[in-house]
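**Student:** Got a structure for you, written out below as structure tokens; questions coming shortly.
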Amino acid sequence: MHYLDNSATTFVIKEAADVAYKVMTEAFGNPSSVHKMGIDAERILENSRKMISDALCVKKDEVFFTSGGTESINTALLGAAHKNSRLGKHIISSEVEHAATLNTLKELTSKGFEVTLLKPNVDGSINFDDFKKAYREDTILVSLMMINNETGAGFPINEIGAFLKNKKTVFHVDAVQGFLREKMNVSKMNVDLMSISGHKIGAPKGIGALYIKKGTKIPPFILGGGQEKGQRSGTEPLPNIAAFAEAVRIRNENFEEDFKKVQELRDYLEEKIIKNFDFAKINGKSSVPHVLNVSFLGCKSEVLLRVLGDKGVYVSAGSACSKGKKSHVLSAMGIESNVIDSAIRVSFSPYNKKEDIDAFIDGVKKGAAMLRR
Ligand code: PLP
């Protein structure tokens, strides 16, 4: 099996799975219970929060657990928009955001908010000048991704953060693809809210977190027993939380080494593509090595994916949520239809090997020989 779809999701790191198992079978108390099992569970919960806040370089009580990136984004956008609606109704985001953002913004539009979506350049990034032009007195919320999930393009988050400093506008960053792929010190970024997700970095699915900078008021999205200081009710999924923290610890400790490994894999892949396929076109410009979007002209993505899948090579044609739909990201970048129709996203984890890339190249050679006949 050659799994090269790690931006869709990735396997759970063994150490993280072991921690989850131990919590499930031994430290299975409810963190709200007052007996020893409850107190032990609460200790695990707070240690986990500390491990994640350390990796983000923020304070422990600024991290709130959620069910994943989508819930964090919904909480951030709906909460910030409604909370600040008396100050204005204007929101800035981009055309290439994840569906979790775009569909939440659609909902806000139907409730009377006005959304400006920035257009990306052909390389997939956003111009700071375009952002400044779109910014208005009544802009109450800006939501942008750190790294695009389809192209790996990075956005000027630091510049925008600096511009918004001392302004009333709330700044949310979708760092689901950026967290632990790019080094960051969130406390220095002038970001008010940040969404992260566990299953992109070696933790199980169904766990994520929302960073809420001290002083930023976000109404709770889920009401109930008042867990997470009333910010997100529901008994905390402790096995997932502990596994998330462990995965974060491992990925953070190995960051430089892992980054280097992924860079080598990516360079190897690019070299092989250039050498073997004069009909290949790389889409966008990624700012981290983890994602490469490439079109093999004349080979429809879905068909090539099937050929590769038959050989045990797993990649995707875009984001996992867009299943078969034309990529809204590549379309927004102004890429021609035939190029979009043949786009493939290869996304690495530090655990991939050169053999995975060789298998991919071999599969594309065989597929292209058939499809381009
Ligand atoms: N934002 C981005 C950039 C993503 O890539 C994803 C997942 O693909 C999400 C948000 C949603 O995260 P989750 O799957 O944890 O709900």
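**Student:** With Cβ to Cβ distances under 13 Å as the rule, what net charge do the other residues near Lys119 carry (K, R +1; D, E -1)?
**Tutor:** -4
**Student:** Separate question: Using DSSP, restrict attention to beta bridges with both residues in the chain and report what percent are antiparallel, rounded to the nearest 5.
**Tutor:** 50
**Student:** Also, quick follow-up: Can you give the relative contact order of the range 108-203 as a percent, counting alpha carbon pairs under 8 Å and 6+ residues apart?
**Tutor:** After rounding, I find 23 percent.
**Student:** Here is a follow-up. Would you kindly state how much longer the chain becomes between Glu46 and Glu257 on full extension, computed as 0.36 nm times their sequence separation minus their alpha carbon distance, in nm to one decimal?
**Tutor:** Length gained, Glu46 through Glu257: 73.1 nm.
**Student:** What spacing in nm lies between the two simple spin-label points modelled at Asn338 and Arg372, each 7 Å away from Cα in the Cβ direction?
**Tutor:** Label at Asn338, label at Arg372, 1.3 nm between them.
**Student:** Under the rule a/c < 1.5 gives rounded, and otherwise a/b versus b/c splits prolate from oblate, where does the range 59-205 land using the Cα gyration tensor?
**Tutor:** It comes out rounded by the Cα gyration axes.
**Student:** Assuming 0.36 nm per residue, please report the length gained on full extension of the stretch Lys285 to Ser33 beyond their Cα-Cα distance.
**Tutor:** 85.7 nm
**Student:** Okay, next question. Can you give the relative contact order of the range 169-302 as a percent, counting alpha carbon pairs under 8 Å and 6+ residues apart?
**Tutor:** 17
**Student:** Still on this structure, I have one more. Largest first, how would Tyr211, Tyr21, Tyr351 line up by accessible area (1.4 Å probe)?
**Tutor:** Sorted by accessible area, descending: Tyr21, Tyr351, Tyr211.
**Student:** Another one. Can you pull the percent of the chain's accessible area that's carbon plus sulfur, 1.4 Å probe, other chains left in place?
**Tutor:** The nonpolar share, carbon plus sulfur, comes to 53 percent.
**Student:** Could you put Thr109, Thr116 in order of accessible surface area, largest first, with the 1.4 Å probe and the full protein assembly present?
**Tutor:** Thr109, Thr116
**Student:** May I ask you to evaluate 6.51 cos²θ - 1.76 cosθ + 1.60, the Karplus curve with θ = phi - 60°, for each residue of the range 345-352 and list the ³J(HN,Hα) values in order in whole Hz, giving x for glycine and proline?
**Tutor:** So the Karplus estimates, Gly and Pro as x, are 9, 9, 9, 9, 10, x, 8, 5 Hz.
**Student:** Suppose a student asked you for the relative contact order of the chain, using Cα pairs under 8 Å spaced at least 6 residues apart; what percent would you report?
**Tutor:** 24
**Student:** Report the calculated FRET efficiency for Lys365 and Glu264 (r = Cβ-Cβ distance, R0 = 30 Å), to the nearest 0.05.
**Tutor:** Step by step, r from the Cβ atoms, then E = 0.85.
**Student:** Here's something else I'd like to know. What length, rounded to one decimal in nm, is gained on full extension from Glu107 through to Phe11, with 0.36 nm per residue of separation minus their alpha-carbon distance?
**Tutor:** Stretched fully, the Glu107-Phe11 segment lengthens by 31.3 nm.
**Student:** Here is a further query. Whole-Hz Karplus ³J(HN,Hα) for the range 228-236, in order, using 6.51 cos²θ - 1.76 cosθ + 1.60 and θ = phi - 60°, x for Gly and Pro?
**Tutor:** Coupling constants for the range 228-236: 6, 6, x, 7, 7, 6, x, 4, 5 Hz.
**Student:** Run the helix sum for the chain: -39,500 (n - 2.57) per DSSP H stretch of 4+ residues, divided by residue count, reported at 222 nm to the nearest 500 deg cm²/dmol.
**Tutor:** -12500 deg cm²/dmol, from helical runs alone.
**Student:** Another question about this same structure. Sort His90, His328, His98 by heavy-atom solvent-accessible area, probe 1.4 angstrom, most to least.
**Tutor:** Ranked list, largest accessible area first: His328, His98, His90.
**Student:** Further question: In Å², what does the accessible area per residue of the chain work out to with a 1.4 Å probe?
**Tutor:** 44
**Student:** While we're on this one: Once you put a point 7 Å from the Cα of Cys57 and another 7 Å from the Cα of Arg86, both along the Cβ direction, what distance in nm separates them?
**Tutor:** About 3.6 nm, to one decimal.
**Student:** Gap in Å between the Cα centre of the range 225-265 and the Cα centre of the range 68-114?
**Tutor:** Taking the Cα centre of each part, the range 68-114 and the range 225-265 sit 25 Å apart.
**Student:** May I pose another question? Going by amide H atoms built from the backbone, whose H comes under 5 Å of the H on Thr9, apart from near neighbours?
**Tutor:** Here nothing satisfies the definition.
The values are calculated or read from the model by the stated rules, or taken from the named source; none is laboratory data. Since this is a predicted model, take the numbers as computed values, not measurements. No Cβ is skipped: glycine too gets one built from the backbone with ideal geometry, and neighbour counts run over all protein chains shown. Accessible surface is based on the protein model in full, side chains and every heavy atom, while ligands, DNA and RNA are left aside. Shrake-Rupley method; radii C 1.70, N 1.55, O 1.52, S 1.80 Å.
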